[in-house]
Each structure stands twice: as C-alpha cells, then as structure tokens.
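Structure, as structure tokens:
Readers should treat all values here as calculations from the given coordinates under stated rules, not as data from a laboratory. Since this is a predicted model, take the numbers as computed values, not measurements. Neighbour counts are summed over all protein chains in view; Cβ atoms, including those assigned to glycine, are modelled from backbone coordinates with ideal geometry.
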Amino acid sequence: MTDTRRVTRSARAETIEGEEEEDLPYRIELWETRNRKVERVLARAAGSALARAIFKAAQQEYPDRRITLRRGARLIAEAP
C-alpha cells in the first residue's frame, strides 16, 4: 500500500511542476561567475510587470553578477 501512495504523490508532483512552468512563463536567472551557464533560477512569474520587478530586485541583490530575464527561450533583459 505504501508503494501506491508514493506513485500517486509522484504523479501529482509531476503534473503540478508541468503546470507551473506553463503558468509562469517568465524566468529570472542567475548565471555562474564565468557566464557559462545558469547557476539557478531565482524566480518565475506569471506576468511581465512582476517579472521586471523581480529582475530589478535581483540586480540590486547581485550587482556584479549576470542576470537574465526570459520568457521561454526569448531573452527580454540582461544585466550587467
């Protein structure tokens, strides 16, 4: 019975994660110091105004680091 519960929870988690990505199309990304790859996604947002506010806050939090704002593969903003 425990195995069934684990499978059900796992399936639910996958569905929620998939939906979250579609519902939150904007990503604010923090890049490694050598700018080779994304270190981590700082935030996701549903709308452009919120995404830009988060991007601006991230610039203040990490002034010397590369930060990008994307919607899907499209680059919207980049700093520095």
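Among LYS37, LYS56, sorting on how many other beta-carbon atoms sit within 10 Å of each Cβ, with the fewest leading, yields LYS37, LYS56. From the Cα gyration tensor of region 24-79, with a ≥ b ≥ c the square roots of its eigenvalues, which class applies: rounded if a/c is under 1.5, or else prolate if a/b is larger than b/c, or else oblate? Note, shape of region 24-79 comes out oblate. A cut-off under 9 angstrom between Cβ atoms defines the neighbours of ILE28, and their net charge, with Lys, Arg +1 and Asp, Glu -1, is +2.
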